[in-house]
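Quick notes on the structure that follows.
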Amino acid sequence: MESAATAYLESRDCLLAIRSRIDELTSGIDPAPWYVASPAALPGDNETPNVRQMAVYARANATFFRAMLVGSLRGWFIDGGERWQIPGWAWADQGGDWRALIMGNDFLHPLAPPEVRRWAWLPVQVERAEFMRWLGTDEIADQTSFPELPSAYDEASRPPYVTHLEPPDRPNVTLAHALSWLAFGISLDGQNLASALGAGVLGASRTDAHRRLEQATDRLVTAGTGGLPMLGKFVPMHGDYGAALTARIEPERLEDFRQFDVTLDGLRYGTGVSWDWTDPGVTSLARALPATTRKYVDVKVERRSLMALLQPEGAQMIEGEQSADDLPPDDVILAKMHELKAAGLSRDEAAKRIRTLPGFESVGNEHARRLVSGTLPKGRPKQLRRKAAEKTAG
């Protein structure tokens, strides 16, 4: 009986076998007349060894993709005792990119539905017996349509990409889940968020995605300074993760640790986002203090408070666009401002926070300030009580 380990071939092994077969079939002739060598190739025609090899690679890649797109071959993801057949439309998403076959991970579109995306980090596999039968067919010799590839046989059954996804229903969610929810209305874990950012499928552009994630980080950390419960592991030195224990992050610490590290689900000393995927040449932590390695990793946010206090950017209105009909009554706004003040926020912090609350999205910062002018003094309640006590003692 054939074992599971020998019943399948990984896609990279299949591609190597296809290359070898095409090299045999085209001995002494041009393997891919349609192939145009890049400027980096060695000079000469397609029989120059280096250029011929690349032409063979290009034809093998196109042949493999075409077989999957038309259904001549079936690819699978296998996870323990489960397996899932890769649809033709998922192959179409790759655009014939050979890296999807060789690298063997992150194969599926970053915004595919969660039940599909769960397979994304597994290698593509093909049933050995099916592949060997196909390798002996005339399809290998056919290159009439190349370099164009056909549409997927099941394109009509492609599910829509995710446009709205709330954080997981658990007491605490990861920092990436929280920030992607606030920035884009799509909650993703760190690995999938990094994939989506790198692919440029979030926001109107890469620059827009970077801006929105920076703003979401600022909103969330500001809420944390006001008491939104957050957990994390404090790491005083780079790489010293083993001894770190999860603990509540004190609100005061969030005044300094305000920079989102996508790769660690962490907060670094500084502001903004540590990874600039809008510029491939930027690899340094541009906004962090170079000598500072302290950070919080594996940060989590209390889901209940997150959902109650903050809403995705899409639900926010640009200040100045709200109409009088959109605004709650002034006495309701004033009461909410006093409530936030009683919760420990300063007057200015309350004016910034109020528009993140359900029902108060259209309340601008300046409008809130004008309403409370003369009724709420500046400063935090503790500071005001201390000043009052000092004045009385004096």
Selection within the stretch 125-142 - surrounded by 14 or more Cβ atoms within 10 Å (Cβ to Cβ), not in a strand (DSSP E or B) and not hydrophobic (A, V, I, L, M, F, W, C):
R128, E130, E139
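For (1) among the charged types (D, E, K, R); (2) in contact (Cβ under 8 Å) with a residue 12 or more places away in the chain; (3) not assigned by TED's automatic domain parsing to the domain that holds K300, each residue gets a yes or a no:
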{"residue": "E166", "(1), (2), (3)": "yes, yes, yes"}
{"residue": "W181", "(1), (2), (3)": "no, yes, no"}
{"residue": "I186", "(1), (2), (3)": "no, yes, no"}
{"residue": "D189", "(1), (2), (3)": "yes, yes, no"}
{"residue": "G198", "(1), (2), (3)": "no, yes, no"}
{"residue": "A204", "(1), (2), (3)": "no, no, no"}
{"residue": "V221", "(1), (2), (3)": "no, yes, no"}
{"residue": "L264", "(1), (2), (3)": "no, yes, no"}
Residue check: is A58 in a helix (DSSP H, G or I) and either at pLDDT 90 or above or within 21 Å of N192 (Cα to Cα) (or both)?
yes
Just checking, does the stretch 151-159 include any residue being crowded, with 17+ Cβ neighbours inside 10 Å, closer than 30 Å to D23 by Cβ and of a type outside the set (D, E)?
yes
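Rundown of residues vs (1) at pLDDT below 70; (2) surrounded by 14 or more Cβ atoms within 10 Å (Cβ to Cβ); (3) aromatic (F, W, Y), yes/no style:
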{"residue": "I318", "(1), (2), (3)": "yes, no, no"}
{"residue": "Q322", "(1), (2), (3)": "yes, yes, no"}
{"residue": "P329", "(1), (2), (3)": "no, no, no"}
{"residue": "L334", "(1), (2), (3)": "no, yes, no"}
{"residue": "A343", "(1), (2), (3)": "no, no, no"}
{"residue": "A350", "(1), (2), (3)": "no, yes, no"}
{"residue": "R353", "(1), (2), (3)": "no, yes, no"}
{"residue": "T356", "(1), (2), (3)": "yes, yes, no"}
{"residue": "G359", "(1), (2), (3)": "no, no, no"}
Select from the stretch 196-232 the residues that are within 20 Å of R304 (Cβ to Cβ) and either within 14 Å of the chain's Cα centre (by Cα) or assigned to a helix (DSSP H, G or I) (or both) and list them in ascending order.
A216, R219, L220, V221, T222, A223, G224, T225
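The values are calculated or read from the model by the stated rules, or taken from the named source; none is laboratory data. Bear in mind that the values here come from a model prediction, so they are computed numbers and not experimental data. So basically every Cβ, Gly included, is an ideal-geometry build from the backbone, and we count neighbours across all protein chains shown.
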